[in-house]
1. Do you know the relative contact order of the chain, to the nearest whole percent, from alpha carbon pairs under 8 angstrom that are 6+ apart?
2. If the only charges are +1 at each Lys and Arg Cβ and -1 at each Asp and Glu Cβ, what is the size of the charge dipole of the range 3-208 around the Cα centre, to the nearest 20 debye?
3. Got a sec? Charge dipole of the chain, +1 on Cβ for Lys and Arg, -1 for Asp and Glu; which of Val80, Gly117, Thr102 is way out at the positive end?
4. In whole Hz, what ³J(HN,Hα) sequence does the range 91-101 give by Karplus (6.51, -1.76, 1.60; θ = phi - 60°), x for Gly and Pro?
5. Please order Ser167, Ser81 by the number of other Cβ within 10 Å, starting at the fewest.
6. Return the tail of the calculated pair distribution for the chain, meaning the percent of Cα-Cα pairs more than 33 Å apart.
7. Going by amide H atoms built from the backbone, whose H comes under 5 Å of the H on Leu130, apart from near neighbours?
8. Taking 25 Å as R0, compute the FRET efficiency from the Cβ-Cβ separation of Ala152 and Arg86 and round it to 0.05.
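Every number here is computed from the coordinates shown, using simple stated rules; none is lab data. All values reported here derive from a predicted model rather than from experimental measurement. Every residue, glycine as well, gets a Cβ built from its backbone with ideal geometry; the counts of neighbours run over all protein chains shown.
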Amino acid sequence: MDRFRKFSTDLKMRLAGTLPGHDAHMMMASVIRKRPDTERHDPSGIRRSAVLILLYPSDGSIYTALTLRQQYPGVHSGQVSFPGGRFEEGDSSLVDTALRETEEEIGIEKKEILIAGTLSELFIPPSNNLVLPVVGLIGQRPMFRADPMEVARIIEADIEELFRDGSVKEKEVSTSSGIYSVPCFEVDGEVVWGATAMILSELKVLLGR
């Protein structure tokens with residue numbers, strides 16, 4: 001059994017167990033996110049969404065794919081994120097949402113991806129979204145095709161490099177409520193913070209157990 005197959009088997013077992021959840025999320029939360037009132041939301045108005053953490057072997061390591069969003073009128077404009085989006089009427093489940101959005105945004109067909117499990121849901125206050133991170137596996141580096149309307153570029157991140165000791169930085173970012181110093185990861189010259197960094201933090205803790 002090669003390294004990626006061993007990794008995949010172990011990952012599926014970990015995802016089926018108790019997840020790190022909120023505590024892991026908070027390791028990469030900004031000071032705004034840590035305010036007591038931030039987690040409060042009206043369930044009747046919440047939007048359900050899903051993202052895909054696609055893991056694949058490349059150059060002797062294990063990678064995931066992130067996207068740099070295009071500039072648009074919205075709170076997440078120009079940010080780094082996983083491919084994903086809101087649940088739509090035609091989706092059979094949130095897993096299907098993640099797969100559909102991944103195919104639309106970065107060109108990977110659903111049939112190529114094996115679902116390993118899901119991480120903990122995460123509420124995103126600025127957009128009132130409750131997001132389910134879905135973990136998908138593919139046995140080789142995929143052929144990416146970015147949707148130019150949504151994706152400025154695709155960023156391939158070596159998770160071993162991303163999660164190494166000392167990888168967490170502090171950077172100033174501009175938000176709708178001001179400029180704040182936030183914990184973040186740096187990937188290929190881009191700052192990964194907010195919900196995406198919080199989701200990566202849970203994956204990091206899960207893999208580090």
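1. Values: 394 pairs, mean separation 59.1, N = 209.
Relative contact order of the chain: 28 percent.
2. Values: 23 positive and 30 negative charges, 76 e Å.
Dipole magnitude for the range 3-208 comes out near 360 debye.
3. Most positive-ward Cα: Gly117.
4. So the Karplus estimates, Gly and Pro as x, are 7, 7, 6, 5, 4, 5, 4, 4, 5, 4, 5 Hz.
5. Numbers: Ser167 14, Ser81 21.
Ranking Ser167, Ser81 by Cβ neighbours within 10 Å, fewest first, gives Ser167, Ser81.
6. Details: 1924 of 21736 pairs.
Everything past 33 Å amounts to 9 percent.
7. Arg47, Arg48, Ser49, Ile124
8. Numbers: r = 20 Å, r/R0 = 0.80.
The calculated FRET efficiency here is 0.80.
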